[in-house]
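One structure is given here, and the rest of the page talks about it.
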Amino acid sequence: MLAQLLHNRGITNPAQAESFLDIAETLQGDPFLLPDMDKAVSRVYHALLSGETIAIYGDFDADGVCGTAILTEGLAALGGKVISYFPHRVSEGYGLNTASLDSLREQGVTLVITVDCGISNFSEVEYAQRSGLDVIITDHHTITHGLPSALAVINPKRADPSYPFYHLAGTGVAFKLLQALFQTLGRTGQLTRMLDLVTIGTVADMVPLLGENRYLVKKGMETLSQTSRVGLIEMARAAGLQLDRMEAEDITWSLAPRLNAPGRLDHAFSSYRLLVTDSPEEARRLADEVEKKNTQRQKLTGEFLARTREQLPAGIEFPLLMIGGEDYPPGIVGIIAGKLADEFYRPVFIFEMGDTVVRGSARSIPEFDVVQALFECQDLLLRFGGHPTAAGFALPSENLSRLRQCLLDKATLQLSSLDLRPSLTIEADIPLHRMQGSTYSLVGRLAPFGRGNPVPTFLSRRTRVIDCQKVGGASRHLRLKLRDKEVIWKAIGFDLGHLAAEVTPEIDVVYNLVVDQWNGEETLALNILDFAPAC
């Protein structure tokens, strides 16, 4: 079983398996292998020694906020004079902008270090240089057409890669800069405290949890379980989580949305303060504020998701969906796009229509690279950037219909011949009676789970259904008891309640193994992903 699961993840020899299972320190790359790292370290040390004011300019999502907190704390620990800056999503937009650069220069800043942004800010970097500001870019987004003329550009996706790992998050790239600085001073032991934030940013940004990310997240989960950050402790309290029992999926579904909420609806600075404050009173106040923002974000998402569904063309199959309106909140268009991309298995572009400028977000499927598609339509755009399956864009309002047609043409060419349905990858076909506690322990050796290393999915055939109930609000979920020989399993199918009528006396079932916690007791259970009448 273990060999099969490892092989499914591309691990085909004993050395790879040992490194993967032991999460060896050798998974870490030397930070000085990243292009321009030497130049960046030299410039930062000069700023530290001469008492310059350094600005850490972060993106407003959880990845950018965590990376900004890491660099700000780390440089301050080296005696630096450091300030943090996050652009406002609505009034300033993503990445560098000239007004914020002017403001920073007026505050005495001479060096700007970006976190999780900057790779597409060509004109803004040139403006900064003309204004007397040096810029170091740390970013991980796709590079589509060259590099800005910054003093240093640290990005593992550069075309001249010497770094052994491609998939660092923005937080991870910022951490590598700090690691290089501390490594030169022989103070790397102080980096351990930062790994809780590295983990949150990495998991939140949905990068593959393989290679170095696997090492950072595993070690970071250990740091997170014992964190002294009062803000994280208070946020976990508000979310009903126990830090010492957290898994990576708790970050994905609970911590990350909360850290993202302020930046989506207002300003990311409250999330940043929550991570760095040492005041219990401020931490509790900010955690409650973030909780309210997240509730507000959930409500808005539900309202606009329903509105967007009403705009969908009825009975017509398009290879791509592009929908929006004048009052779409810019902070939730990406969430809506992601939910619709999952639901319809199509690339989805959701936009806010302004008087002169349209701003939007795209979410996609593996078969369609949205950054490449936007690059091929770039003559219609003001700016764009992101990853193959998640991107942002802005364009003059008068170009919207032409952009829609340009993207639709490209999606039709690439996708019209494909069967666009989501699929489940089954890792092993195994009788249900063979599943037991030792199997769960074995599966646990592959953790932490996430993109690139999903929770293993199993198929068990001809299981007998001895009980079937619809449960939860609006009977959304499906609860089953399944028997195979003398073994009985509890099972839950989230959002499968509408399929209750399709349950037959014997079913083939696709599932993950999970721990069910009830009344202080823990038992193994099945998380049902799909089922069909037994063949």
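The values are calculated or read from the model by the stated rules, or taken from the named source; none is laboratory data. Because the structure is a prediction, the values reported are computed rather than measured. Neighbour counts run over all protein chains shown; Cβ positions are idealised from the backbone, glycine included.
Are there any pairs with C-beta distances below 6 angstrom linking a residue in the range 220-246 that is part of a helix (DSSP H, G or I) to a residue that is polar (S, T, N, Q), with the two at least 6 apart or on different chains, and if so which?
From residues that are part of a helix (DSSP H, G or I), the pairs are G220/T199; M221/T199; L224/T199; G231/T277; A239/S254; L243/S225; D244/S225.
Take the residues of the range 89-98 that are surrounded by fewer than 22 Cβ atoms within 10 Å (Cβ to Cβ) and touching a Ser or Thr at 6+ places or on another chain (Cβ under 9 Å): which is modelled with the lowest pLDDT?
Selected residue: E92.
How many residues are among the charged types (D, E, K, R) and exposed (fewer than 15 other Cβ atoms within 10 Å of the Cβ) if we restrict to the range 453-480?
3
What single numbered condition from (1) in contact with a helix residue (DSSP H, G or I) (Cβ under 7 Å, 6 or more places away or on another chain); (2) among the β-branched types (V, I, T); (3) over 26 Å from A204 (Cβ atoms) fails to hold for V348?
Of the numbered conditions (1) in contact with a helix residue (DSSP H, G or I) (Cβ under 7 Å, 6 or more places away or on another chain); (2) among the β-branched types (V, I, T); (3) over 26 Å from A204 (Cβ atoms), the odd one out for V348 is (3).
Which residue is farthest from T277 (Cα to Cα), if the candidates are limited to the range 247-261 and must be of a type in the set (D, E, K, R) and not in a loop (DSSP other than H, G, I, E, B)?
E249
When the residues of the range 45-60 are filtered to those that are in contact with a Gly (Cβ under 6 Å, 6 or more places away or on another chain) and closer than 30 Å to V333 by Cβ, which remaining residue is modelled with the highest pLDDT?
Only one residue fits best here, namely G58.
Is it the case that G220 is over 22 Å from T252 (Cα atoms) and small (G, A, S)?
In short, no.
Across the range 195-219, what is the total count of residues that are closer than 13 Å to V115 by Cβ and either among the hydrophobic types (A, V, I, L, M, F, W, C) or outside the structural domain of L232 (by TED's automatic domain parsing) (or both)?
Qualifying residue count for the region: 2.
Of the numbered conditions (1) touching a Ser or Thr at 6+ places or on another chain (Cβ under 7 Å); (2) hydrophobic (A, V, I, L, M, F, W, C); (3) surrounded by fewer than 14 Cβ atoms within 10 Å (Cβ to Cβ), A283 fails exactly one; give the number of that condition.
So A283 meets the others, but not (3).
When you go through P148, P161, P156 one by one, which is the residue that is modelled with pLDDT under 90 and assigned by TED's automatic domain parsing to the domain that holds T72?
On inspection, the qualifying residue turns out to be P161.
What are the pairs with Cβ atoms under 6 angstrom where one residue, in the range 152-170, is touching a residue at least 12 places away in the same chain (Cβ under 8 Å) and surrounded by fewer than 21 Cβ atoms within 10 Å (Cβ to Cβ) and the other, located anywhere, is among the β-branched types (V, I, T) and part of a loop (DSSP other than H, G, I, E, B)? Sequence gap at least six, or different chains.
Once the first residue is touching a residue at least 12 places away in the same chain (Cβ under 8 Å) and surrounded by fewer than 21 Cβ atoms within 10 Å (Cβ to Cβ) and sits in the range 152-170, its partners that are among the β-branched types (V, I, T) and part of a loop (DSSP other than H, G, I, E, B) give K157/I143; H167/V207.
Out of the range 231-262, which residues are surrounded by fewer than 21 Cβ atoms within 10 Å (Cβ to Cβ) and touching an Asp or Glu at 6+ places or on another chain (Cβ under 8 Å)?
Across the range 231-262, the qualifying residues are A238, A239, L241.
Which residue is surrounded by the fewest Cβ atoms within 10 Å (Cβ to Cβ), if the candidates are limited to the range 314-326 and must be in contact (Cβ under 8 Å) with a residue 12 or more places away in the chain and part of a loop (DSSP other than H, G, I, E, B)?
Step by step, filter the range 314-326, then rank; the result is E326.
Among G80, G64, G74, which is the only one that is within 30 Å of I335 (Cβ to Cβ) and surrounded by 18 or more Cβ atoms within 10 Å (Cβ to Cβ)?
Matching residue, one of G80, G64, G74: G64.
I'd like to verify a number: residues in the range 98-121 that are closer than 22 Å to D61 by Cβ and of a type outside the set (V, I, T), how many?
Result for the range 98-121: 10.
Identify, by number, the condition in (1) in contact (Cβ under 8 Å) with a residue 40 or more places away in the chain; (2) surrounded by 14 or more Cβ atoms within 10 Å (Cβ to Cβ) that V514 doesn't meet.
Just one mismatch for V514, condition (1).
Using the structure shown, decide if R462 is outside any loop (DSSP other than H, G, I, E, B) and outside the structural domain of H145 (by TED's automatic domain parsing).
Spelling it out, R462 is indeed outside any loop (DSSP other than H, G, I, E, B) and outside the structural domain of H145 (by TED's automatic domain parsing).
Of A174, A159, A152, A169, which residue is within 26 Å of the chain's Cα centre (by Cα) and closer than 25 Å to C377 by Cβ?
Numbers: A174 fails: closer than 25 Å to C377 by Cβ; A152 fails: closer than 25 Å to C377 by Cβ; A169 fails: closer than 25 Å to C377 by Cβ.
It is A159.
So for the range 275-288 (the condition being within 19 Å of T223 (Cβ to Cβ), within 20 Å of the chain's Cα centre (by Cα) and assigned to a helix (DSSP H, G or I)), does at least one residue qualify?
Among the residues of the range 275-288, at least one is within 19 Å of T223 (Cβ to Cβ), within 20 Å of the chain's Cα centre (by Cα) and assigned to a helix (DSSP H, G or I), which makes the answer yes.
Which helices (runs of 4 or more DSSP H) sit wholly inside the range 2-109 and have at least 1 residues that are assigned by TED's automatic domain parsing to the domain that holds N121?
37-49, 62-77, 98-106
Among the listed residues L382, L374, which satisfies the condition of being of a type outside the set (D, E), exposed (fewer than 15 other Cβ atoms within 10 Å of the Cβ) and under 21 Å from I323 (Cβ atoms)?
Working: L374 fails: exposed (fewer than 15 other Cβ atoms within 10 Å of the Cβ).
Among L382, L374, only L382 is of a type outside the set (D, E), exposed (fewer than 15 other Cβ atoms within 10 Å of the Cβ) and under 21 Å from I323 (Cβ atoms).
Within the range 455-477, track down each residue that is at negative phi and over 29 Å from the mean Cα position of the chain (by Cα).
Result: S460, R461, T463, R464, V465, I466, D467, C468, Q469, K470, V471.
Find the residue count for the range 417-429, including only residues that are touching a strand residue (DSSP E or B) at 6+ places or on another chain (Cβ under 8 Å) and in contact (Cβ under 8 Å) with a residue 40 or more places away in the chain.
Adding up the residues that qualify gives 4.
Which one of the conditions (1) in contact with a Phe, Trp or Tyr (Cβ under 6 Å, 6 or more places away or on another chain); (2) at pLDDT below 95 does T114 fail to meet, given that it meets all the rest?
(2)
How many residues are farther than 30 Å from T199 by Cβ and free of Cβ contacts under 8 Å to residues at least 24 places away in the same chain if we restrict to the range 437-468?
Residues meeting the conditions: 2.
Looking at K299, K292, K339, which is the one that is in contact with a Leu (Cβ under 7 Å, 6 or more places away or on another chain), surrounded by fewer than 22 Cβ atoms within 10 Å (Cβ to Cβ) and part of a helix (DSSP H, G or I)?
K339
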